[in-house]
Each structure stands twice: as C-alpha cells, then as structure tokens.
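Take a look at the structure below.
The values are calculated or read from the model by the stated rules, or taken from the named source; none is laboratory data. If you're wondering where the values come from, they're calculated on a predicted model, not measured in any experiment. Neighbour counts run over all protein chains shown; Cβ positions are idealised from the backbone, glycine included. These accessible areas exclude ligands, DNA and RNA; they are computed on the full protein's heavy atoms, side chains included. Shrake-Rupley method; radii C 1.70, N 1.55, O 1.52, S 1.80 Å.
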Amino acid sequence: MSIKAIRGFKDVLPEEIGWWQKVEGIAARILDNFGYKELRVPIVERTELFARSIGKETDIVEKEMYSFSDRHGESLTLRPEVTAGAVRALIEHNLAADGRPVKLYSIGPNFRYERPQKGRQRQFYQLNVEAYNVAQPYIDAELIILWTRILDGVGLKDIQMHINSLGCSSCRPQYNRKLQNFIKDRLETLCEDCRRRYQTNPLRVLDCKSRGCAETVQEAPLMLDELCSECGEHFQAVRKALASADVSYEVTPRLVRGLDYYTRTVFEAQTGKLGAQNAVGGGGRYDNLVKNLGGPDIAGIGFAMGLERLIMLLSEDQELNNPGPDLFMAFLDEAALELAFKLANGIRAEGFRVEMEYTPASLKSRMKRAGKLGAEWVLILGPEEMSRGNGILRNMSTSTQEEVSLDEAVTGIIKRLKGDKV
Ligand code: HAM
C-alpha cells in the first residue's frame, strides 16, 4: 500500500503554485515599499517559548501544539505561529539595540493540531509581519494600510478589516474584573472551557464560538468603554491615521484574539466566504511580550495572514495566468534530437522558456502537446525541411509559419520570438 500524506497536511501541486508565487511576489514587493526585511526563523523552537508568549490557557497551547521530546529529552514544538520565534530572534541577535524601528516579515509553515475543515489545516502557511520599537500609533495604521495594499494588490474583494483595542496593563485588569462579574452571574449559559477559563482569562469568553457563550456576551461590558486615557488616545490616533490613507475598517468592540500577548490595538481581516473560518488573518500590538521573554522593554506589533485561506478565496473568483513556454521543440525523428537539444539550450540561455520532450513523435502529436502546454511558438524539425538546412517556425496564435535557416538558428529564432524584423 502506498503511503499518503498525514490528515491536515497538504501538498501544493505545480498547477496551484502560480497562486503562491503571485501572492508571495506581490506581498514581497509591497513589504519592500514599506521597508520590511525578510526574517527566516526555525520551524522548531523550545516548547517553553510558545507557552510563555501565546499563553498557557489558549487553545493553541492547551490543545493544538505539536510537541515532542528530542533525543536528549528536551521538549520542542513545531511552531504554531511565527511571532514568538521572531521575538526570540530579535532578543537573541539584539536587533533592536540601536533604538530604531525593526520591521520584519516571514513566509512559512506553521502547525496546529486542529480539526481539519475548509480553511483549516494542521500545517498552514502564514505571511507574518512584525514591527518593533515603535510606540506611536502610526505603526498600527502602517501595518493595516500595508496589509490592505497587499489584499488589493492580489485582487481580493469582499474583505472587511475589523479593529478594536484591548487596553493595557493599567486599564485591562479593571475591565477584566467587570467582565468576570458579568460572567459570574451567567455561568450556566457558558461552555465548559469558558466556565473554567473566565477566572484567569475572561476575554477568551468573548471569542468563544459556542452558541451559549456568543449569546451571553452580547450584553457584556466592552473594553472600548473602559480604556484609560492613553489607550483611548492611541486608538483615536490609529483611526485618524487610517482615515488619512482612505483605508476602510469597522470598529468591532467584541473583537478579541486567540493569543494572550496582545495589548491595545487588535485587528482582523474577515470574509463571509470561508464558513466558520472567517479570518483571513489577524494581529495586533503586543507591547509587553519582548520584555516578558527576557528582552528590552520595547513595543511590538504585527499580523499574520493565512495563505491557504487567501488563495482559496482568490481562486474562487480569478483565473490564474499560467503562461506556457515561449517555444516548443517539435523534433520528429531521432535524427533531429541532437540538434533540437542544442538549439533548446541555446535559446533557454537567452532567457526564453523552451520546452522539449525526448522521445520522437509525429507532427500531429507534437502540435497537440504544444497546444496543451500553451506554447507561443513551435519549432518543427522534420526530415523534409531539415534536408534544406531549415526548420519551420510556427506562431501558434496567428497560425502562420515560415522556414528558418538552421545555420543562424538561435539568433534567427530569438529575433522572431522577440518580434524583431528579420
Ligand atoms: P492567528 O489569528 O492565530 O494569529 O493566525 C493568523 C491567521 O493564520 C488566521 O487568521 C488564519 O488565516 C491563519 N490560520 C491560523 N490557523 C490556521 C489553520 N489551522 N489552518 C489554516 N490557516 C490558519 C497569529 O498567528 C499571530 N501570530 C498573528 C500576529 C503576528 N500577531 C502579531 N503578529
């Protein structure tokens, strides 16, 4: 019996890869415009890093991590997200030492042991973007603007940006108590997880997908009404900066995130088209995380977008532009193989996409294959024209063809491929 991929783990096949290359290419260009540099961090980190950053009582840490002991008995984990590793790298390499902004992005796989369904896998890719050392609200807006530009750049429609503020260590504790008091009187309507968690982490109840919890929190007090003056001003300044860039968003006071490190601004890009998985991505500010992980007391903020979800949405309403070869080599018999091979490599060396197969085939079958591949040109090397020292160059879109001399083959063909006058 053949071995299959693990449930929740998917191959990205050559026919789909164009989407990935398109999205990653556009994102990298826009990130470069905004001054973000790529950071590549390991896929495996110490388990403790995630427990200390994402939070012990989150779904991710409680139920979803791929953790294992290595041969020395050390507990390691396949990263469930990138932020923790990015902060670890920032501290370890002293990247923020000069007090200037540090702006980083990463693209790569993450692992969470969730129940696979539409838009949810156990291995999934994220585009992850982070900025450190910037306390000003402009960076919150910059990230949301940058993200909006990426979504526009790839052509994604019907996406709504939601923003909220979760306050800081001076106003959140007071709000948490208020929320706990509200919840305490309604415990019987909550799911088992929330009944247990509300004492230590009441914000999680606002995020719970179970019906009873979602209905109960409709009336719950809102963090936005309890922000301290600094957090309130910060939030207003983010909104003002977003307005200056004409970015549209909605203030969603019940928006909380599934990870514990957030402070102040949080944001999510949502769609109605992915069933229960409505978030294309999310993020927010995490001003205490760098310090809590043993680094300097500096601000952090970022977001991550799920690339499978993004690509699923794109492929629902766009055609992928998958260009075929510039030239297909239609050699017909063994005698022409050597020359065809030489020509193909000569033309490739000039930067053209040239496709050739190595078994002889009839003209009919070659033309069928060239059509299937979407080749723009076909060079036919049959015995008749070759006996005259020529090949036939056929333009597949105009269905016109002409004989070209094989002596000047590479240069002559290239001129024609480029559309130059011969
Ligand atoms: P997150 O909300 O856990 O945030 O994940 C961000 C995005 O990753 C989700 O909105 C979704 O698109 C995608 N995603 C998450 N889990 C899955 C899954 N099982 N299958 C497919 N896609 C998934 C974070 O990870 C934070 N680190 C974001 C961040 C960066 N905050 C600050 N900086």
Give me the tail of P(r) for the stretch 221-274 as a percent: Cα-Cα pairs with distance above 13 Å.
67
Using DSSP to call loops (not H, G, I, E or B), can you name the trypsin sites (Lys or Arg not before Pro) in the stretch 98-156 whose Cβ has at most 16 other Cβ atoms within 10 angstrom?
K118
Mind running the shape call on the stretch 138-281? Use the C-alpha gyration tensor, a ≥ b ≥ c as the square roots of the eigenvalues: rounded below 1.5 for a/c, prolate if a/b tops b/c, oblate otherwise.
oblate
With a 4.7 Å Cβ cut-off, tell me which Cys residues in the chain come up empty for a partner.
C168, C191, C194, C231
Candidate aspartates and glutamates - alpha carbon under 20 Å from K37, same-chain residues fewer than 8 apart omitted:
E24, E81, E92, D98, E130, D140, E142
Aspartates and glutamates whose Cα lies under 15 Å from that of K364, excluding same-chain neighbours fewer than 8 positions away:
D333
Accessible area per residue, Å², the chain with all protein chains present, probe 1.4 Å
50
Rounded if a/c is under 1.5, else prolate if a/b beats b/c, else oblate: with a ≥ b ≥ c from the C-alpha gyration tensor eigenvalues square-rooted, which is the stretch 1-153?
oblate
The chain, relative contact order in percent, only Cα pairs under 8 angstrom and at least six apart counted:
15
Per-selection metrics, the stretch 44-91 (Cα): Rg and Dmax in Å:
10.4, 28
Projected-area average for the stretch 285-352 over all orientations - Cα convex hull basis, square nanometres
10.6
Pairs K178/K291; K63/K103; K4/K118; K22/K157; K63/K209: which are spaced more than 23 Å apart, C-alpha to C-alpha?
K178/K291; K63/K103
Specify whether the C-alpha gyration tensor of the stretch 252-392 places it in the rounded, prolate or oblate class, a ≥ b ≥ c being the square roots of the eigenvalues: rounded for a/c under 1.5, otherwise prolate if a/b is larger than b/c and oblate if not.
prolate
Write out the trypsin sites (Lys or Arg not before Pro) in the stretch 317-422 meeting two conditions: DSSP loop, and at most 11 other Cβ atoms within 10 Å of their Cβ.
R388, K421
Please give the Cα centre distance for the stretch 1-53 versus the stretch 305-364, rounded to the nearest Å.
26
Counting only complete DSSP H runs, which helices of the chain cover 24 Å or more along their long axis at the Cα atoms and score a mean Kyte-Doolittle of 0.5 or above?
137-154
The percentage of the accessible area of the stretch 230-330 (probe 1.4 Å, all protein chains present) made up of carbon and sulfur atoms, to the nearest whole number, is 43
Candidates G283, G99, G295, ranked by Gaussian network fluctuation over the chain, Cα under 10 Å, top entry:
G99
Once all protein chains are kept in place, D317 shows an accessible area at probe 1.4 Å, nearest 10 Å², of 70
Do any GluC sites (Glu not before Pro) in the stretch 127-193 lie in a loop, going by DSSP, with at most 16 other beta-carbon atoms within 10 Å of their beta carbon, and if so which?
none
Within the set T359, T148, T83, GNM on the chain using Cα springs under 10 Å gives the largest fluctuation to T359
Could you give the distance between the Cα centres of the stretch 179-193 and the stretch 204-269, to the whole Å?
20
Hull-based mean projected area of the chain, where the convex hull spans the alpha carbons, in square nanometres:
28.1
Select from R177, R204, R71 the residue whose mean-square fluctuation is largest in a Gaussian network model of the chain (Cα-Cα springs shorter than 10 Å).
R71
